[in-house]
Every structure is written in C-alpha cells, then in structure tokens.
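The values are calculated or read from the model by the stated rules, or taken from the named source; none is laboratory data. Fair warning: this is a prediction, and the values are worked out from it, not measured in the lab. Please note: Cβ atoms are built from the backbone with ideal geometry, for glycine as well, and neighbour counts cover all protein chains shown. Accessible surface areas use protein heavy atoms only, side chains included; no ligands, DNA or RNA. Shrake-Rupley method; radii C 1.70, N 1.55, O 1.52, S 1.80 Å.
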Amino acid sequence: MIKLLYKSKLLRESILYWLSFIALLLWAVTATAWAVLKSDKTVLIGIDEAGTRIITTSSDRLVQSELKAFLKYFFEMYYSYNELNFNERMSLSTDLFSNDLWALQRDKIAQLGVNLKKTPLSQSAEIQSIDRIDNSKIEAILLLTIRSRMSEQKVRLKVILSYRRSERTEKNPWGYEVDELSDATL
C-alpha cells in the first residue's frame, strides 16, 4: 500500500490536498473559537501634555475636559443653525439625546424646521458660562445671535441640561447623552 502511495502521483496530490484542507479548517475553527470566547474589555487611554495613560476613574481631569467638549459640541449643534444646515445639525445634536428626550422633543424640532423654511434666519450661540448644579446636571448661559434679512437680535438663554453616561458609539463618541433639556430667556 505504501509503495502504491509513492508511485501514484495523483494519489499523493490528493492526500496532500486533503491534509492541507483539514489543517486550514482546524486553524479556522480554532481562531474563530478563540475570538468568540475572548472577553472584550474597553480600555480608555488618555493623551494630554503630560503624556499617555489609562483612565480608570470618572474624576480624571481628562474625563472632565471630555465632558466640557461634549457640552460645547452639543450647544454648537443644537443652538447654532440656519435654514440650510438645520436638518444636519439637529440630526447630529439629537443623536446625543436619550430615547425619552427624543420622544418629547421630536415634534418641537420638526415644527421649528417647518417655521425656518417659511421664515429663513440664522442663529449662532456663544457660551458665556457653564456651571455644575448637581452631579449630572449643568446650567449654561448662552448668548444667541439671531439674524434675519433685516435685523439682528441678541438673546441671553439659560439652559438647564441633565446628562448621563452612555455607551460610546460612532455617532456619540463622548459616552454621554442628554437626558433632560430646558431653556428660557433671561
């Protein structure tokens, strides 16, 4: 039998083919099983002027600056718009809403978009102050500049915003979401 194996080229190639196939199949199954069973652990790495480090606590200075960047981004997207970029900016800012807040604000935002198409204007926001009221609640004072064709109006707005931690996603890389939002003119 072994002599036949050495003499028959077709049989040798067939055996090599099947041995290669089985080896690759075993490797694929092993690699897939290892990848599935491996537990994922998210590690947050912070980079600042002092260097690079792993962030382990929520009181870390980089986490606080990330919260500040989140709030600045949200205020810029939600309160600065014109008739051309309104839909895009509202989409970006409402991606940061919790599901409950989105359900409450959906009709208001849609109506604002309809009104903006009827009466075009542009609105820009400048943050004057951000103060922490509670662990997850902030109060911000914004200066809105509203421009229409014939006029410009400046309005001070007091915004109370409640936020909570959420999972980081492509649409929300900060890991926070706006849970409650209210604003009133001063």
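For region 19-40, name all the residues that are hydrophobic (A, V, I, L, M, F, W, C) and surrounded by 10 or more Cβ atoms within 10 Å (Cβ to Cβ). Don't jump to the end; show me each part of the working.
As a first pass, look at region 19-40 and keep what is hydrophobic (A, V, I, L, M, F, W, C): 19, 21-29, 31, 33-37.
Within region 19-40, LEU19, PHE21, ILE22, ALA23, LEU24, LEU25, LEU26, TRP27, ALA28, VAL29, ALA31, ALA33 meet the criteria.
Quick one: which residue in ASN135, ASN82 is polar (S, T, N, Q) and either touching an Asp or Glu at 6+ places or on another chain (Cβ under 9 Å) or within 18 Å of VAL178 (Cα to Cα) (or both)? Explain how you work it out, then say what you get.
Values: ASN82 fails: either touching an Asp or Glu at 6+ places or on another chain (Cβ under 9 Å) or within 18 Å of VAL178 (Cα to Cα) (or both).
Step by step, each of ASN135, ASN82 is checked, and only ASN135 is polar (S, T, N, Q) and either touching an Asp or Glu at 6+ places or on another chain (Cβ under 9 Å) or within 18 Å of VAL178 (Cα to Cα) (or both).
For SER136, are the conditions met, namely being of a type in the set (Ser, Thr, Tyr) and out of contact with any strand residue (DSSP E or B) (no Cβ under 6 Å at 6 or more places or on another chain)?
No.
Of everything in region 47-96, what is among the basic types (Lys, Arg) and over 30 Å from GLN111 (Cβ atoms)? Give them in sequence order.
Matches in region 47-96: ARG53, ARG61, LYS68.
Failed condition for MET77, given (1) in a helix (DSSP H, G or I); (2) open to solvent by 60 Å² or more (accessible area, probe 1.4 Å), with all others met?
Exception for MET77: condition (2).
Could you run through region 84-112 and say how many residues are of a type outside the set (Ser, Thr, Tyr) and either surrounded by 15 or more Cβ atoms within 10 Å (Cβ to Cβ) or within 16 Å of the chain's Cα centre (by Cα) (or both)? Step through it out loud before you land on a result.
So the first thing to find is which residues in region 84-112 are of a type outside the set (Ser, Thr, Tyr), and the list is 84-90, 92, 95-97, 99-112.
Add one more test, that the residue is either surrounded by 15 or more Cβ atoms within 10 Å (Cβ to Cβ) or within 16 Å of the chain's Cα centre (by Cα) (or both), and what stays is 86, 88-90, 92, 95-97, 99, 101-102, 105, 109.
Matching residues across region 84-112 total 13.
Just checking, how many residues over region 133-160 are in a strand (DSSP E or B) and over 25 Å from LEU121 (Cα atoms)?
Our first condition is that a residue be in a strand (DSSP E or B); within region 133-160, this holds for 133-134, 137-147, 152-160.
Now drop any that are not over 25 Å from LEU121 (Cα atoms), which leaves 133-134, 137-139.
Residues flagged as in a strand (DSSP E or B) and over 25 Å from LEU121 (Cα atoms) within region 133-160 amount to 5.
Here is a list: SER182, SER166. Which entry is surrounded by 12 or more Cβ atoms within 10 Å (Cβ to Cβ) and polar (S, T, N, Q)?
Values: SER182 fails: surrounded by 12 or more Cβ atoms within 10 Å (Cβ to Cβ).
Of SER182, SER166, the one residue that is surrounded by 12 or more Cβ atoms within 10 Å (Cβ to Cβ) and polar (S, T, N, Q) is SER166.
Only residues that are within 15 Å of ASN82 (Cα to Cα) and either open to solvent by less than 50 Å² (accessible area, probe 1.4 Å) or of a type in the set (Gly, Ala, Ser) (or both): list them for region 134-153, please.
Correct list: LEU144, THR145, ILE146, SER148, SER151.
Does LEU116 satisfy the condition of being assigned to a strand (DSSP E or B), touching a residue at least 24 places away in the same chain (Cβ under 8 Å) and either under 24 Å from LEU104 (Cα atoms) or within 24 Å of the chain's Cα centre (by Cα) (or both)? Full working, then the answer.
On the way: assigned to a strand (DSSP E or B): no; touching a residue at least 24 places away in the same chain (Cβ under 8 Å): yes; either under 24 Å from LEU104 (Cα atoms) or within 24 Å of the chain's Cα centre (by Cα) (or both): yes.
No: the conditions fail for LEU116.
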